[in-house]
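For reference, the structure is listed below as structure tokens.
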Amino acid sequence: RCVLLMQRGHGAVQCYTMSCAGGGEEAADMMMCRCASCGVAEDGNINIKLKKCNACHSVRYCSVECQKEHRPQHKAECKKRAADMRDESLFKQPESSHLGDCQICCLPLSIDHKKTSLSACCTKMICNGCLMFNLIRERKEKLEPKCVFCRKKSFLTGKESELLFNKRIEANDPNALRKMGTIYGAQGNFAKSMEFLTKAAKLGDAESHYQLGMMYGNRLHLSAGKDMKKARYHLEEAAIAGHPEARLQLGIVEVENKRMDRAVKHFIIAASSGETESMKMVKKGYESGGVSKEEFATALRAHQAAIEATKSPQRDEWEKSKQGNVPSKRK
């Protein structure tokens, strides 16, 4: 098929046709090299540079004027394409949770926050199994207690700990910024809490996105529509980054909106990441007929595998120590 193209020359507009024998992707690629409004091609010799549409990235424009002129024709397609791209990212199974791996044993961290700790000196997330066995080793060898990651002195005074923590905040460490936001939130200073959480979220911290989403969602009486949009945005950003609890909340929202197909997708992805409440929702869906037997079985296997991946002998010993049993010393 043929495509009619226009190109601005030196003081004139030239019209011509180019054959696209291949059609399909070949024609689409050709159009991506030209302004969607006037058809001008990108040309470094006459300083013509095309910029993608910020929303859908499917077309390009040579100027703001061309983009505004083409907006009425492109608006509907742009919104649909942007929504499709968002869903493509949103409903993709993440490779791991937002917490990643322990910095010492390199095993996936449990999504149960009680099983991990944040070091005040270097703000690294370490599993409690590694922390406990490092402490056992130091006591056995009569060593000075140090951070298992950065090797700084473990038992710091309040001022020493505060000084190190403030340095991490000045360095824009997202873990430190989030921790400070959480502290302000516990004190009831929600303005300062949101300030620090927003900074951390802009740096890509999924937990901060989740906390912001929950905070905006709980303040709907202030400005319902606007706050709900922000809540949904932050929860989606957290879910895309691998936050299973944020995805659980999105699933609940979709149930309330009667969009069960989207809700089921969220619950299955969260359950596959080891989130227990989501697995219960998948089971309920299976019992009510909204989830197929194959989907339920696949989600259950993935759920069990995700939980098993976070286990280790050290972490099992820490679990026993919580119950009052003394951990055995490794040979």
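The values are calculated or read from the model by the stated rules, or taken from the named source; none is laboratory data. In this text the structure is predicted, and so the values were computed from the model without any measurement. Every residue, glycine among them, receives a Cβ derived from its backbone with ideal geometry; neighbour counts consider all protein chains shown. The area values use the complete protein model at the heavy-atom level, side chains included, leaving out ligands, DNA and RNA. Shrake-Rupley method; radii C 1.70, N 1.55, O 1.52, S 1.80 Å.
Details
- Computed with a 1.4 Å probe over protein heavy atoms only, the accessible surface of the range 42-108 comes to 70 Å² per residue.
- Loop-located GluC sites (Glu not before Pro) in the range 126-188 whose Cβ has at most 11 other Cβ within 10 Å (DSSP): GLU141
- Between CYS105 and GLU144, the FRET efficiency estimated from the beta carbon spacing at R0 = 25 angstrom works out to 0.65.
- Gained length - ASP84 relative to HIS113, 0.36 nm times residue gap less alpha-carbon distance: 7.1 nm
- Loop-located trypsin sites (Lys or Arg not before Pro) in the range 64-149 (DSSP state other than H, G, I, E, B) with a sparse environment of at most 12 neighbouring Cβ atoms within 10 Å: LYS92, LYS142.
- For the range 110-122, 3J(HN,Hα) computed residue by residue from phi via the Karplus equation (6.51, -1.76, 1.60; θ = phi - 60°) reads 5, 6, 7, 4, 6, 9, 10, 9, 9, 6, 5, 6, 10 Hz, glycine and proline entered as x.
- Converting phi to 3J(HN,Hα) with the Karplus coefficients 6.51, -1.76 and 1.60 and the offset θ = phi - 60°, the range 149-154 yields 9, 8, 6, 7, 4, 6 Hz in sequence order, with x at every glycine or proline.
- Global geometry of the range 112-251, whether rounded, prolate or oblate, following the gyration tensor of its Cα atoms and the 1.5 cut on a/c: prolate
- Calculated FRET efficiency, ILE183 to GLU295, Cβ-Cβ distance, R0 = 30 Å: about 0.15 to the nearest 0.05.
- Under the combined filter of DSSP loop state and at most 14 neighbouring Cβ atoms within 10 Å, the range 102-179 retains these chymotrypsin sites (Phe, Trp or Tyr not before Pro): PHE155.
- Accessible area of MET125 in the full protein assembly, 1.4 Å probe (Å², nearest 10): 40 Å²
- Net length gained if the chain between LYS51 and LYS92 were fully extended (0.36 nm per residue, minus Cα distance): 12.0 nm
- Prolate/oblate/rounded label for the range 200-285 (Cα gyration tensor, a/c 1.5): oblate
- HIS234, HIS266, HIS98, reordered so the largest accessible area comes first (probe 1.4 Å): HIS98, HIS234, HIS266
- Taken about its Cα centre, the range 41-153 carries a charge dipole of about 560 debye when Lys and Arg each add +1 at the Cβ and Asp and Glu each add -1 at the Cβ.
- The range 63-213 - percent of accessible surface contributed by carbon and sulfur, probe 1.4 Å: 53 percent
- Theoretical gain in end-to-end length, GLU77 to MET228 [0.36 nm per residue, Cα-Cα removed]: 51.8 nm
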